[in-house]
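Here's the structure, in structure tokens; my notes come after.
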Amino acid sequence: PREELAYVTCTYRETGIDQPDFLATIDLNPRSPYYCQVIHRLPMPNLKDELHCSGWNAGSTCFDSITTRRNKLILPCLISSRIYVVDVGTQCRAPKLCKVIEPVDVFWKCNKGHLCIVHSLPNGDILISNMGDPAGNGKGGFIVLDGETFELKGNWENECGVPPTGHDFWFQPRHNVLISSAGLVPKRAGLGFNPDDLKKGVFGRRLNVWNLSCHTLIQCFDLGEDSLPLSVKFLHNPDAAEGYVSCALSGIVYRFYKNEANCWAVEEVIQIPAKEVRGWILPKMPALTANIVISLDDRFLYLSNWLHGDIRQYDISNSCKPKLVGQVFVGGSILRGGPVTVCRDEELKWQPEPLVIKCKRVYGGPYKMQLSVDGKRLYVTNSFYSTWDKQFYPDVVKEGSVMLQIDVDTENGGLTVNKNFLVDLGKEPCGPCLARDIHFPCGDSTS
């Protein structure tokens, strides 16, 4: 069925508004009088958590369990390291908080912090990745929650295999593999982007391959200094032994795959060149390819380019040679009339025009995306990380985030901004907020 609701994580950290983060429930039914509106807000009981990503308590890997229901949304916190469990099954239009795991438990039991990505495991437990230790030093790895009681079980990986940094992950049970990306060092990059941090190990460079059943690290790929691999996605086909990882600072997307020797390998398949600019923090502006989403039929890959401001659609029918078939600008740092002048651009002949929807100027760049099950509607928000938002897009912090809908041509490829859809989170009762992750209760392309 078509999605009728969306759950979106929203934060007030770094906005100057002393209010708790909240989970917004948004009406996506075009026939509803509340279409494009926030119909419910579930505030968290603490301040400055920085809600970021979210994930379900059950996914497609648990399909053979008749007792498993996708009725809880897990909200790990990037800064406080708390974990909130939200009941969205009892009343889907008015979720309720049902459990809180305090950071002291995460710190003492796991020696982990700065929690990121959530996926449910084939055995029904819940896996959450982390970026650092309790002090904010870089530290990769994962923690495990019991899939029924949501009690904290402890660390997932063997201690000897902990990567220096961590962020996203995805797995394929039929190939007994989990692949994770590197991320960044929270206590350094968490303060904002500092060019002096380059070449100092603050921004990750590794892609990690794990044995899913043994929880051991079996291969590592060095993707280049300060490449910052973030978003990892396998193809949805459960037999597929391949996927993609986007590197935020190098602008490169790598395909990872199992080769003839039954080992994993990587190859570069997409490269978005940096733009030579004036009026910015560096003479070259990287793409900052922050998020990727793959359609459920494994035909298209979508890529958000947070700094340049565009969303790209690639045809991956030939997975080795993605073909750009759609592109649309929804903000960014290189817009015409802004403080940045593009001096040399290998792709564009002119700087894009600002985007205005329903009389509202859209600031910031695209980050989190979610694709409808039929692949025809791509939803996007425009907050990346509160301190980086404040640094690069102060107008987003001032005016609040938006959620947009991009209409997708699923026959020939192509993207179009839907000018009739706008969720304006600058009009929230407690003031403008920053919006991130998106999930649909009926199912989506990232769970």
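Does at least one position in the stretch 227-249 carry a residue that is acidic (Asp, Glu), touching a strand residue (DSSP E or B) at 6+ places or on another chain (Cβ under 8 Å), in a strand (DSSP E or B) and surrounded by 14 or more Cβ atoms within 10 Å (Cβ to Cβ)?
Checking the stretch 227-249: at least one residue is acidic (Asp, Glu), touching a strand residue (DSSP E or B) at 6+ places or on another chain (Cβ under 8 Å), in a strand (DSSP E or B) and surrounded by 14 or more Cβ atoms within 10 Å (Cβ to Cβ).
Just to confirm my filter: which strands (runs of 3 or more DSSP E) fall fully inside the stretch 265-313 and include at least 1 residues that are of a type outside the set (D, E, K, R), at pLDDT below 95 and open to solvent by less than 40 Å² (accessible area, probe 1.4 Å)?
289-294
Within the stretch 182-226, which residues are open to solvent by 10 Å² or more (accessible area, probe 1.4 Å) and of a type in the set (Phe, Trp, Tyr)?
Phe193, Phe221
Among the numbered criteria (1) free of Cβ contacts under 8 Å to residues at least 40 places away in the same chain; (2) open to solvent by 20 Å² or more (accessible area, probe 1.4 Å); (3) assigned to a loop (DSSP other than H, G, I, E, B), which one does Lys398 miss?
For Lys398, the failing item is (3).
Would you point out the residue of the stretch 85-107, among those that are in a strand (DSSP E or B) and either touching a residue at least 24 places away in the same chain (Cβ under 8 Å) or not charged (D, E, K, R) (or both), that is nearest to Asn155 (Cα to Cα)?
Step one: filter the stretch 85-107 for residues in a strand (DSSP E or B), giving 85-87, 96-101.
Filter again for either touching a residue at least 24 places away in the same chain (Cβ under 8 Å) or not charged (D, E, K, R) (or both), leaving 85-86, 96-101.
On the way: Val85: 19, Val86: 22, Lys96: 27, Leu97: 24, Cys98: 23, Lys99: 20, Val100: 18, Ile101: 15 Å.
Checking each candidate, the answer is Ile101.
Is it the case that Cys36 is open to solvent by less than 20 Å² (accessible area, probe 1.4 Å), touching an Asp or Glu at 6+ places or on another chain (Cβ under 8 Å), at pLDDT 95 or above and outside any loop (DSSP other than H, G, I, E, B)?
Values: open to solvent by less than 20 Å² (accessible area, probe 1.4 Å): yes; touching an Asp or Glu at 6+ places or on another chain (Cβ under 8 Å): yes; at pLDDT 95 or above: yes; outside any loop (DSSP other than H, G, I, E, B): no.
Judged against the criteria, Cys36 is not a match.
If I ask for residues that are touching a Ser or Thr at 6+ places or on another chain (Cβ under 9 Å) and surrounded by fewer than 21 Cβ atoms within 10 Å (Cβ to Cβ), which ones from the stretch 67-97 would you list?
Thr68, Arg70, Asn71, Cys92, Arg93, Ala94, Lys96
Under 9 Å between Cβ atoms, at least 6 apart or on separate chains: pull out the pairs that start in the stretch 340-362 with a residue that is touching a residue at least 12 places away in the same chain (Cβ under 8 Å) and in a strand (DSSP E or B) and end on any residue that is buried (at least 17 other Cβ atoms within 10 Å of the Cβ) and of a type in the set (S, T, N, Q).
Thr341/Gln351; Val342/Gln351; Val362/Asn382
Select from the stretch 108-165 the residues that are buried (at least 21 other Cβ atoms within 10 Å of the Cβ), among the hydroxyl-bearing types (Ser, Thr, Tyr) and not in a strand (DSSP E or B) and list them in ascending order.
Thr165
Would you check if there is a residue in the stretch 305-319 being among the charged types (D, E, K, R) and under 18 Å from Leu235 (Cα atoms)?
Yes, the stretch 305-319 contains a residue that is among the charged types (D, E, K, R) and under 18 Å from Leu235 (Cα atoms).
Based on what the data block shows, is Ser383 touching a helix residue (DSSP H, G or I) at 6+ places or on another chain (Cβ under 7 Å), among the polar types (S, T, N, Q), modelled with pLDDT of 95 or more and closer than 25 Å to Cys116 by Cβ?
Against the criterion (touching a helix residue (DSSP H, G or I) at 6+ places or on another chain (Cβ under 7 Å), among the polar types (S, T, N, Q), modelled with pLDDT of 95 or more and closer than 25 Å to Cys116 by Cβ), Ser383 qualifies.
The values are calculated or read from the model by the stated rules, or taken from the named source; none is laboratory data. Computed from a predicted structure; not experimentally measured. Note: ideal-geometry Cβ built from the backbone for every residue, glycine included; neighbour counts use all protein chains shown. Side chains included, ligands, DNA and RNA excluded: accessible areas come from the protein's heavy atoms. Shrake-Rupley method; radii C 1.70, N 1.55, O 1.52, S 1.80 Å.
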